[in-house]
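We did not get these values from a lab; they are worked out from the coordinates using the rules stated. A quick note: this is a predicted structure, and the numbers were derived from the prediction, not measured. Please note: Cβ atoms are built from the backbone with ideal geometry, for glycine as well, and neighbour counts cover all protein chains shown.
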Protein chains: 2
Amino acid sequence: MSRWQPNARERLAGAALELFVEQGFASTTVPEITARAGLTTRTFFRHFADKREVLFDSEDSLPALASRIIADAPAELSPIQVITGGLDTVASVQFSGDIAHFRTRRAVIHADEGLRERELRKMSALSEAISHGFQERGLDELRATLIAHVTATVFSVAIGRWLDEDKPAAISELLHDTLAVLRSVMDEPHPDGPTRKLVPAPARTD
Amino acid sequence: MSRWQPNARERLAGAALELFVEQGFASTTVPEITARAGLTTRTFFRHFADKREVLFDSEDSLPALASRIIADAPAELSPIQVITGGLDTVASVQFSGDIAHFRTRRAVIHADEGLRERELRKMSALSEAISHGFQERGLDELRATLIAHVTATVFSVAIGRWLDEDKPAAISELLHDTLAVLRSVMDEPHPDGPTRKLVPAPARTD
């Protein structure tokens, strides 16, 4: 029999998530995961450094993907155009799997303080990669940092919408919509007023 | 002699920061801090729950301050106007102390992974307070969440600029400038083009 196990990675990840939900992340052991998956502990450690990596495996590749998108974007695009253009690529590469998997994963992370902090750090790493990418394109550090933070916000909020809604739109649509809503809320002098003015309201004299 | 120690809180915070810089956060004990400050351990625990609280003491009051500002803002102001109006209040209440103190504090936090994660959580708590405040004013959850994230970004970036620069402008000025730059970078179709258009550039046909 070949040592290579078809879908071993997916089977391990699936078994791990089931167990994290059933008995909590902290009290689940690697041998329990491999028993559930019908695989050996040795196979587990060929795929994952530890049980936490099962949860952050796909998120770990986001910074590198973002760096590539920014480096490859045509030089004449503004930062916000680069971001807008990259959303579809990220959506198709990163969020193509079953939504139930992502929902379960989020529930597990939210139930554990250590995992929540780790997720914030991962978002922070994405942000740093984006900032660095734009500085490589010649953007000043301040603008690069700000666009990076905003992009990380758009990501986490759009993913939250995708996971929350009963019949969610496609993730790429939610990413674009979230960015559009963010731009409108930043640009809005008054909910009932015109939305394209950025001039501050005059000081009140009454 | 009175049990009340003049400036005990400040003396303890100052001594703690000195020791954290000299020997690291992890290896500094509360008795060392109180010895340096010339005060008792008992006095320390009247002011701080533990040595970590010395670092996050002032940040802990930010969410409540933000909630008050949002609740008290005139109903006719848009979210971005409420935020703009609140920046000066936060600057004067929260960042009125010696800049050297804030610089040292940042260096200590950045040197310790646990403290960095804690700081991200604190920013997240600020963000939640802002989002909740705007939802109380009737804003939908999506817009409230986005404006909250953006405000937290403006804060952390403006504070970073204040601490980084040799002769920094006033923190309130940096807060306003950071918000303005963020709005311009979100709104910019091209670095060399007009900055007030939000219409997407036409698709390239070449």
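For region A:56-88, the candidate set comprises residues that are assigned to a loop (DSSP other than H, G, I, E, B) and within 14 Å of chain B (Cβ to nearest Cβ); within that set, the residue that is surrounded by the most Cβ atoms within 10 Å (Cβ to Cβ) is A:Ser78. Being within 9 Å of chain A (Cβ to nearest Cβ), touching a residue at least 12 places away in the same chain (Cβ under 8 Å), surrounded by fewer than 22 Cβ atoms within 10 Å (Cβ to Cβ) and over 22 Å from B:Ala75 (Cβ atoms) is not true of B:Ser92. Across region B:150-162, which residue is surrounded by the fewest Cβ atoms within 10 Å (Cβ to Cβ) among those that are within 9 Å of chain A (Cβ to nearest Cβ) and more than 20 Å from A:Val185 (Cβ to Cβ)? The residue in question is B:Gly160.
Scoring A:His101 on the criteria (1) in contact with a Gly (Cβ under 9 Å, 6 or more places away or on another chain); (2) crowded, with 16+ Cβ neighbours inside 10 Å leaves a single failure, condition (2). In a residue-by-residue description of region B:162-171, the property of being in a helix (DSSP H, G or I), farther than 19 Å from B:Pro63 by Cα and of a type in the set (D, E, K, R) applies to at least one position.
Only residues that are of a type in the set (Ser, Thr, Tyr) and either surrounded by 19 or more Cβ atoms within 10 Å (Cβ to Cβ) or farther than 19 Å from A:Ile109 by Cβ (or both) were counted in region A:5-40, giving 3.
Would you please name the residue that is farthest from B:Ser131 (Cα to Cα), looking only at residues in region B:31-68 that are of a type in the set (Ser, Thr, Tyr) and touching a residue at least 12 places away in the same chain (Cβ under 8 Å)?
Selected residue: B:Thr34.
Checking A:Asp98, A:Asp164 one by one, the residue that is of a type in the set (D, E, K, R) and closer than 20 Å to B:Glu141 by Cβ is A:Asp164 and no other. Please work out if B:Ile147 is in contact (Cβ under 8 Å) with a residue 60 or more places away in the chain, part of a helix (DSSP H, G or I), hydrophobic (A, V, I, L, M, F, W, C) and within 13 Å of chain A (Cβ to nearest Cβ). Taking the combined requirement at face value, the residue satisfies it. Listed conditions (1) in contact with a Ser or Thr (Cβ under 8 Å, 6 or more places away or on another chain); (2) within 18 Å of A:Thr178 (Cβ to Cβ); (3) crowded, with 16+ Cβ neighbours inside 10 Å are all met by B:Met123, apart from (2). Quick one: how many residues across region B:41-55 are surrounded by fewer than 18 Cβ atoms within 10 Å (Cβ to Cβ) and closer than 24 Å to B:Arg121 by Cβ? The total comes to 6. Restricting region B:117-138 to residues that are out of contact with any helix residue (DSSP H, G or I) (no Cβ under 6 Å at 6 or more places or on another chain) and in contact (Cβ under 8 Å) with a residue 60 or more places away in the chain leaves a set whose member that is nearest to the other protein chains (Cβ to nearest Cβ) is B:Arg118. Name the residue, out of A:Glu141, A:Glu165, that is of a type in the set (Asp, Glu), within 18 Å of A:Ser78 (Cβ to Cβ) and more than 9 Å from chain B (Cβ to nearest Cβ). Exactly one residue qualifies, and that residue is A:Glu141.
State yes or no: is A:Thr104 β-branched (Val, Ile, Thr) and in contact with a Leu (Cβ under 8 Å, 6 or more places away or on another chain)? So A:Thr104 fits the description; yes.
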